[in-house]
Structure formats: C-alpha cells, structure tokens
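What follows is one structure encoded as structure tokens, with my remarks underneath.
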Amino acid sequence: MSLSSEALGALLRHHHAFLAFLTPRVGSQEAAREVLQAAFVKGMEQGGTLREDQSAVAWFYRLLRNALVDRHRQGQRESSALESLAREQPLSTAEDPGLEATVCGCVAGLAGALKPEYAEALRRVDLEGLPVAEYAKEAGISANNAAVRLHRARQALGRQLVALCGHCCAQGCVDCACPPS
C-alpha cells in the first residue's frame, strides 16, 4: 500500500524542515539531500505502515532517524574495512624492506639508461633520501633547478619503466617478473 495523497502532500510541504533536520547530522546539505531522497524512496515503499491516526510527518521523522543510524553504521563498516586493508598492505616501501629492495633495485638498474645528471639526482634524493636543497648544493645548482631536474628524471624513469615492463608497472611493480636491465 502506498502513501495517501494527503500524507505525501504533508511530507512535501516539510521538505525544507527535513533538510534542516538532516544537514547538521550528516555534515553537508548535499549529503542531507542524498539521505532525504533515499528516505523518500523508502517511505514510498513502506507507506502502508503509516496508520491513519498517525501523523505522516512524525512517521517520516522516524524513517529519517533510522536512515541516519543506517548511514552511521555503513560509515563505520567502511572505516573498519579501510583500516583492515591498511594493516594488511604496507603504505610505503619503508614498511616492507623486501619491497623496498625490489623497487630500489629496479630503479637503480634503469637509472643507468638515463642522462647521468638524472641518474645522480634519483640516486641521491629518491634512493638515498638526501633533501633536494642539499642535493642542489652538491650539484652546484639552485634548489629550483634541482627540483626541475628531479621531476624530469622521474618522468624519464617512468618512461623507461613502461618501455621495459609495460603492463607490469601499471600494477605497481609489486610482483614484477620483468628482466633486470
């Protein structure tokens, strides 16, 4: 059974009040609109649960509160899943020495195919962890020039990786079976 035209009219007249109720609870008007739209759909589906002696607006506020609880629970599930994923996979090579050795070996091997100044910039900054400003002093160039050199070196290295590994490097080189250069 669907909502009566009177009940539907009452809900539509309270549209702004429903948004005002939801917005501070979900953080943005856009999110409030999403919750409200989903609640309207659910309300249309469950319209038969509205008793004649019951206020359609009060009934709908209950639906909105339930929608907020559902949204909160879904957010908790998503957050929990992301935390679990973060625990399973390292966020950087520093958390996985084997991965770091693989990546560093691959980069060092390919760096030989680059211009010598590019290879040196990658080795000193990316592999050895030297700050760009210190590398600039060593190389006798400005910090801006060092940053540009490093950027160009990384781009050149990326092109070398694609040329050597193709599809493998698009997947992150974690299970790389490409032959070393």
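Taking region 125-146 only, how many residues are within 16 Å of K115 (Cα to Cα) and either hydrophobic (A, V, I, L, M, F, W, C) or open to solvent by less than 50 Å² (accessible area, probe 1.4 Å) (or both)?
The number of residues fulfilling the criteria is 3.
Hey, among the residues in region 18-47 that are open to solvent by 40 Å² or more (accessible area, probe 1.4 Å) and among the small types (G, A, S), which one's modelled with the highest pLDDT?
Applying the filter and picking the extreme gives A20.
Out of the residues in region 155-173 that are open to solvent by 50 Å² or more (accessible area, probe 1.4 Å) and out of contact with any Leu (no Cβ under 7 Å at 6 or more places or on another chain), which is modelled with the highest pLDDT? Working first, answer last.
First, the residues of region 155-173 that are open to solvent by 50 Å² or more (accessible area, probe 1.4 Å): 155, 159-160, 162-164, 167, 170-171.
Add one more test, that the residue is out of contact with any Leu (no Cβ under 7 Å at 6 or more places or on another chain), and what stays is 155, 159, 162-163, 167, 170-171.
Values: Q155: 85, R159: 81, V162: 74, A163: 73, H167: 58, A170: 55, Q171: 55.
Out of the qualifying residues, it is Q155.
Among (1) farther than 30 Å from E128 by Cα; (2) modelled with pLDDT under 90; (3) outside any loop (DSSP other than H, G, I, E, B), which single condition is A94 missing?
Here A94 clears every test but (1).
Please find, among R87, R71, R77, R123, the residue that is within 20 Å of H151 (Cβ to Cβ), assigned to a helix (DSSP H, G or I) and at pLDDT below 90. Talk me through it step by step, then tell me what you get.
Working: R87 fails: within 20 Å of H151 (Cβ to Cβ); R71 fails: within 20 Å of H151 (Cβ to Cβ); R77 fails: within 20 Å of H151 (Cβ to Cβ).
Residue meeting the stated conditions: R123.
The values are calculated or read from the model by the stated rules, or taken from the named source; none is laboratory data. Everything numeric in this text was worked out from a predicted model, so none of it was measured. Glycine gets a Cβ as well: all are built from the backbone with ideal geometry, and neighbour counts include every protein chain shown. These area figures cover heavy atoms from the full protein model, side chains too; ligands, DNA and RNA do not enter into them. Shrake-Rupley method; radii C 1.70, N 1.55, O 1.52, S 1.80 Å.
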